[in-house]
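The structure appears right after this line, and notes come after that.
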Amino acid sequence: MPRYDDRYETAKWRTAWLMLGFLVLVAVGIVTVLRPELEDEPTEDTPAETAEVETSDESGSDEPVQE
């Protein structure tokens, strides 16, 4: 009978380690992707004027605009 390792890991422990590794990868993904996205979102503390886009009344074409 071949002798592998004195320490035998059951499938339960291997599965637990794989799940832990997967959770670490998910946590790293959340920190690196979602955290900067959440920081870029405007909060309620910022004034609404900064989010408004200014529009020009002048049209670049010579054709009259139908209203």
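The values are calculated or read from the model by the stated rules, or taken from the named source; none is laboratory data. Everything numeric in this text was worked out from a predicted model, so none of it was measured. Cβ sites come from the backbone with ideal geometry, for glycine too, and all protein chains shown count toward neighbours. Ligands, DNA and RNA are excluded from the accessible area calculation, which covers all protein heavy atoms including side chains. Shrake-Rupley method; radii C 1.70, N 1.55, O 1.52, S 1.80 Å.
Here are the numbers:
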| item | result |
| --- | --- |
| Residue pairs meeting the criteria (Cβ under 7 Å; at least 6 apart or on separate chains; first modelled with pLDDT under 90, in the range 27-44; second assigned to a helix (DSSP H, G or I) and exposed (fewer than 10 other Cβ atoms within 10 Å of the Cβ)) | PRO42/ALA51 |
| Filtered residues of the range 3-19 (kept if at pLDDT 85 or above and open to solvent by less than 90 Å² (accessible area, probe 1.4 Å)) | ALA11, THR15, ALA16 |
